[in-house]
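Visitor: Pasting a structure here, questions to come.
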Amino acid sequence: MANKRNLKKDVDFLVSEVVSDCYTYMLLNGDKNRDKALSIIESMLEKRNQLVTRINNPEKKDDAKAIKAHYNAIQQDLMTAVDDCFTKLSEITKG
């Protein structure tokens, strides 16, 4: 399990990668699928806020196993969200 600071850095880094790729897509393609790219950015930023809130507020602060499981679940949710957003971006680049 990573510490909270590193987990937050991972969240910020991966979210910024998704957002950066979406802006790059919009720069290269103009108005084509701009709304879809913006919706990907919005959903990723909402997910970032949710994850940071979850990082800052673990459910059971006294149980070490529960905390470890909590942070592992956050990491898994982060990876799933990033993968989903990159998949959506890949789909709009094909179209």
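The values are calculated or read from the model by the stated rules, or taken from the named source; none is laboratory data. All figures in this text were calculated on a predicted structure; none of them were measured in a lab. Please note: Cβ atoms are built from the backbone with ideal geometry, for glycine as well, and neighbour counts cover all protein chains shown.
Visitor: I need every pair where a residue in segment 1-29 that is more than 13 Å from I74 (Cα to Cα) has its Cβ under 7 Å from the Cβ of a residue that is in a helix (DSSP H, G or I) and polar (S, T, N, Q), sequence separation at least 6 or different chains.
Guide: Y25/T93
Visitor: Just to check your reading of the model, which residue among D63, D21, D84 is modelled with pLDDT under 95, surrounded by 11 or more Cβ atoms within 10 Å (Cβ to Cβ), out of contact with any Lys or Arg (no Cβ under 8 Å at 6 or more places or on another chain) and not polar (S, T, N, Q)? Before the answer, list the steps.
Guide: Working: D21 fails: modelled with pLDDT under 95; D84 fails: modelled with pLDDT under 95.
Only one candidate passes the filter, namely D63.
Visitor: While we're here: Take R34 and decide whether it is over 14 Å from the mean Cα position of the chain (by Cα) and either surrounded by fewer than 17 Cβ atoms within 10 Å (Cβ to Cβ) or farther than 15 Å from K88 by Cα (or both).
Guide: Values: over 14 Å from the mean Cα position of the chain (by Cα): yes; either surrounded by fewer than 17 Cβ atoms within 10 Å (Cβ to Cβ) or farther than 15 Å from K88 by Cα (or both): yes.
Yes, satisfied.
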